[in-house]
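> This is the structure I want to talk about, given as structure tokens.
Bear in mind that the values in this text are calculations on the coordinates, not laboratory data. No experiment lies behind these values; they were computed from the predicted model shown. Cβ sites come from the backbone with ideal geometry, for glycine too, and all protein chains shown count toward neighbours.
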Amino acid sequence: MQFRKSLYTKVLALSVLIGSGSSCADYLEEELTTQRTTEYFSTEEGIEDLAVGLYYNLRFHFGYEWAFATTNYGTDEFRTGGDASNGMWNSYDGNFTSLITPVNVNTAMANTLWDAMYMGINSANLLIQNAEANITDEAAKNVYMGEGYFMRAFNYLKLVRQYGGVPLKTEPSITVEREFTRNSAQEVMEQVISDFNAAYNLLPPSASVPGKITKDAAAHFLAKAFLFRASEINDSWNGGTKVADLEAGMRFAEEVIANRTLAPDFADLWNYTAVDGPNESLNEIILAAQFTSDRSTRGTYGNQIHLYYLSQYLNLPHMTRDIAGGREYQRLRTNYYSYFVYDRVNDSRFWKSFKTKYAINNPAADSDYELGDLGVMYIINDPEDNRFAGEGSLSKVTDPETGKVIPSVFATYAEGRAYLDSDGFQNRFAPLNKFIDGSREAVGDGIGYRDGILARLADTYLTAAEIAIRQNDYATALNYINAVRDRAEYKAGEDRSAYTDGGAAYNPESNPAGYASFGERNSFYAGNSYYESNNIPETTEPTDLTITSFSDLPAEDEAIIQTLGYTSDYDRALAFLLNERSRELMGEFYRWEDLSRTLTLVDRARAFNKQAAPNIQPRHNLRPIPQTHLDAIQRGGAALTPAQKTEEQNPGY
């Protein structure tokens, strides 16, 4: 907690210093006694503050709508829900250009990510330069520089995965600079790998306080960087490095896997019960952006991810919005792919990733419903299931525990129709539950307190598996995949109807202020619709998700592969790996970049995302270089000509 508080209370002052290009002394004959200049960063105190403040850059990735717009929209997993503030990022329509016209104040602009990453890069450059020149304690210098190299590499890796080649800047800017030219993606990746290697060699093996970057974090991202350079999007130039990159990536992934353990239960990752609670210190978590309930630390970027994945429930019968259920911005609507990529009988991850039941929290005075009765249920059933009929909410589905008709029931299939897939249900879908935050103080709070996971071990396993696939070592790939799938199996005696999410943090012990302000109106329901959806007898037998061959895959994977038209051994194996990444990492801010780098984005979006399908083109494997950047930079002291701007822009934009 000490680290978390000191990390953010200094950020605002630091950001002013980092962003300033000159001193007021240039035009005022006054001696400043209460304001620091960038010279402060040459002192030991200033370097320490700069290193602490640098972690604030990690919070950007959870701070607003750009978090999901740049990573989850426009893919197979999610599309636009009931609010289209950032719909252009999903539909790739005519407004998705280098200069996006905002729908409203919530729209993520084309330059937002670009600007934030370069601000972080400049901070990292300042830290590297000043720590190297001014810190005499060798151990402290190593940590400071390791953090600086890591953050510079982390931000450049984000940029190159989104935009391809970008301008490289490895010296800090202290005045306005305008002469920039794009480096190639190959040059950027050489810098990324060099910086991550430097960080790996300098960082400690364990964190001195929660949230600090470690050697494992550097190794994890080195594995991902080597994999990215060896991926299809770089095939025009990566032939000379691909074999060595895959070998190096596997070596770093294996090191992380040897050092850490998966959480015993997939639900442990999302079982958030209190601020800074046990699930935020799991050994599986390699790196997380740190958030806390201390209001003085909020700054600009609080964690708002809890807002975006939820479907609307406040206007359903006997329901009202509450803290446990969340403030439903309904930005990301679950595509049917995201329901049917899972074996929903044997794979516990579906039922631990999606919310399918709500408790009544506002019973009508003239009804026989009570607080806590089952009020909303989503049935995730198969097309051949003909049990349900009705328009709007399905009628006459009874809760066997109370004998009462459940007021609102929605099914994926009713009367042979893809019931929830129609335009009439944009705000009705089983929402992803991974980020729900019941620890907030009030129903209307947009800022949440959960940490934001940036790297976890299951991703390392799947990275190693993909590397092995690319090395034609399918047996090794299956070993790593099966390690992740083993955790996802139902264990003997496990209650398959059990459920929890971060709404469980809403209780008198962990959140007395919030609970007192909202009384007993709590929509959290400790159960899911496993049995109602699957329509099978209750059981507590273990399940088996082991895969023995990429030529004989589960039915859900075969259906997806058939839709995509893949036949080769490699395409089948990679498709399964990408499906498995969905099952394990659904909604965790990887998807667009995974599909882009493997050049599977267009095929999958066309097949599984109705809104993206009409417009997506191969050019959308890269984002447009922001027009604000092209308009600001110069060449030879003059603004770029239209032809020069075209040279700096990605093809097709």
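> When a footprinting reagent is the concern and you count Cβ atoms within 10 Å, what order do 158, 224, 404, 355 take, fewest first?
On the way: 158 21, 224 25, 404 17, 355 28.
Taking fewest neighbouring Cβ atoms as first place, the list is 404, 158, 224, 355.
> Please give every one of the lysines within straight-line cross-link reach of residue 610, meaning a C-alpha to C-alpha distance under 29 Å, and leave out same-chain neighbours fewer than 8 residues apart.
Qualifying lysines at Cα under 29 Å: 158, 352, 355, 357, 434.
> Something else about it: Would you pull out the residues with amide H under 5 Å of residue 635's amide H, same chain only if 5 or more places away, H placed 1.01 Å from N?
640
> Extending each Cα 7 Å along its Cβ direction at residue 405 and residue 567, get the distance between those two points in nm, one decimal.
Each label point lies 7 Å from its Cα, and together they span 5.3 nm.
> Would you list 589, 576 from fewest to most Cβ contacts within 10 Å? Before the final figure, lay out the partial values.
Working: 589 18, 576 24.
Final ranking by Cβ density, sparse to dense: 589, 576.
> Please state, as a whole number in µm²/s, the translational diffusion coefficient that the Stokes-Einstein equation yields for the stretch 578-653 at 25 °C and 0.890 mPa s, with Rh defined as the Kirkwood radius across alpha carbon pairs.
Values: Rh = 14.7 Å.
Rounded, D is 167 µm²/s.
> Here's a follow-up. Residues with amide H under 5 Å of residue 359's amide H, sequence separation 5 or more or different chain, H placed in the peptide plane at 1.01 Å from N; which?
375, 524, 525
> Multiply the residue gap between residue 45 and residue 540 by 0.36 nm, knock off their C-alpha separation, and tell me the result in nm, one decimal place. Could you put the intermediate results ahead of the total?
Values: separation 495, 0.36 × 495 = 178.20 nm, distance 5.80 nm.
That works out to 172.4 nm of additional length.
> Which length gain, in nm to one decimal place, applies between residue 370 and residue 613 when the Cα-Cα distance is subtracted from 0.36 nm times their residue separation?
Values: separation 243, 0.36 × 243 = 87.48 nm, distance 4.43 nm.
Length gained, residue 370 through residue 613: 83.1 nm.
> Could I ask something else about it? Which part of the stretch 76-92 falls in the paramagnetic zone of residue 103, meaning amide N under 15 Å from the point 7 Å along Cα-to-beta-carbon?
Answer for this model: 78-92.
> Next question, about the same structure. Determine the calculated [θ] at 222 nm for the chain from helices alone, applying -39500 (n - 2.57) to every DSSP H run no shorter than 4 residues and normalising by the residue count; nearest 500 deg cm²/dmol. Walk me through the numbers on the way to the answer.
On the way: 23 runs with 248 residues, N = 653.
Roughly -11500 deg cm²/dmol at 222 nm, from the helical runs in the chain.
> At a temperature of 25 °C and a viscosity of 0.890 mPa s, determine how fast the stretch 322-367 diffuses translationally according to Stokes-Einstein, using the Kirkwood radius over alpha-carbon pairs as Rh; express D in µm²/s, rounded to the nearest whole number.
Details: Rh = 13.5 Å.
Using the Kirkwood radius from Cα pairs, D works out to 182 µm²/s.
> Treat the count of other C-beta atoms within 10 Å as a stand-in for reagent exposure and order 137, 294 from fewest to most.
Values: 137 10, 294 14.
Ranking 137, 294 by Cβ neighbours within 10 Å, fewest first, gives 137, 294.
> Determine, at each q value in 0.09, 0.12, 0.13 (inverse angstroms), the log₁₀ of I(q)/I(0) that the Debye formula gives when each Cα of the stretch 496-653 is one equal point scatterer.
With one equal scatterer per Cα and no solvent, log10 I(q)/I(0) is -0.60, -0.86, -0.91.
> I've got another one for you. In terms of the ratio Rg/(2.2 N^0.38 Å) built on C-alpha atoms, what value belongs to the stretch 326-453? If you can, show how the numbers build up before the last one.
Working: Rg = 15.9 Å, N = 128, 2.2 N^0.38 = 13.9 Å.
For the stretch 326-453, the normalised Cα radius of gyration is 1.14.
> Tell me, in nm to one decimal, what length is gained between residue 492 and residue 283 on full extension, where the rule is 0.36 nm per residue of separation less the Cα-Cα distance? Please report the intermediate quantities before stating the final value.
Working: separation 209, 0.36 × 209 = 75.24 nm, distance 2.41 nm.
Extra length from residue 492 to residue 283 when fully extended: 72.8 nm.
> For the chain, what is the per residue volume of the convex hull drawn over the alpha-carbon atoms, in cubic angstrom?
Details: hull volume 108.7 nm³, N = 653.
Normalising the Cα hull of the chain by residue number yields 166 Å³.
> So for the chain, taking the charge dipole from beta-carbon charges (+1 Lys/Arg, -1 Asp/Glu), which of 449, 595, 522 sits furthest toward the positive end?
Of 449, 595, 522, it is 595.
> Please list the radius of gyration and Dmax for the stretch 105-166, considering alpha-carbon atoms only, with Å as the unit.
14.3, 47
> Then there is this: Hey, what do the phi angles of the stretch 257-274 turn into as Karplus ³J(HN,Hα) couplings, whole Hz, using 6.51/-1.76/1.60 and θ = phi - 60°, x for Gly and Pro?
Each residue's phi maps through the Karplus curve to give 4, 5, 8, 10, 10, 5, 4, x, 10, 3, 5, 4, 5, 10, 7, 7, 10, 6 Hz.
> Amide H to amide H, which residues 5 or more places from residue 414 or on other chains are under 5 Å from it, using H placed in the peptide plane?
419
> Separation between the residue 552 and residue 644 pseudo-spin-labels, each 7 Å from Cα along Cα→Cβ, expressed in nm?
About 6.3 nm separates the two model spin labels.
> Continuing with the same structure: Quick one: dipole size for the chain, taken about the Cα centre, charges +1 on Lys/Arg Cβ and -1 on Asp/Glu Cβ, in debye to the nearest 20. Don't jump to the answer; show the numbers that get you there.
On the way: 58 positive and 88 negative charges, 194 e Å.
Once rounded to the nearest 20, the dipole reads 940 debye.
> Counting C-alpha atoms alone, how compact is the stretch 236-331: give Rg to one decimal and Dmax as a whole number, in angstrom.
Values for the stretch 236-331 (Cα only, Rg and Dmax): 20.2, 63 Å.
> Calculate one ³J(HN,Hα) per residue across the stretch 431-445 by plugging θ = phi - 60° into the Karplus curve 6.51 cos²θ - 1.76 cosθ + 1.60, and present them in order as whole Hz with x for glycine and proline.
For the stretch 431-445, the Karplus-derived couplings read x, 5, 9, 4, 10, 4, 10, x, 8, 5, 7, 9, 4, x, 5 Hz, x marking Gly and Pro.
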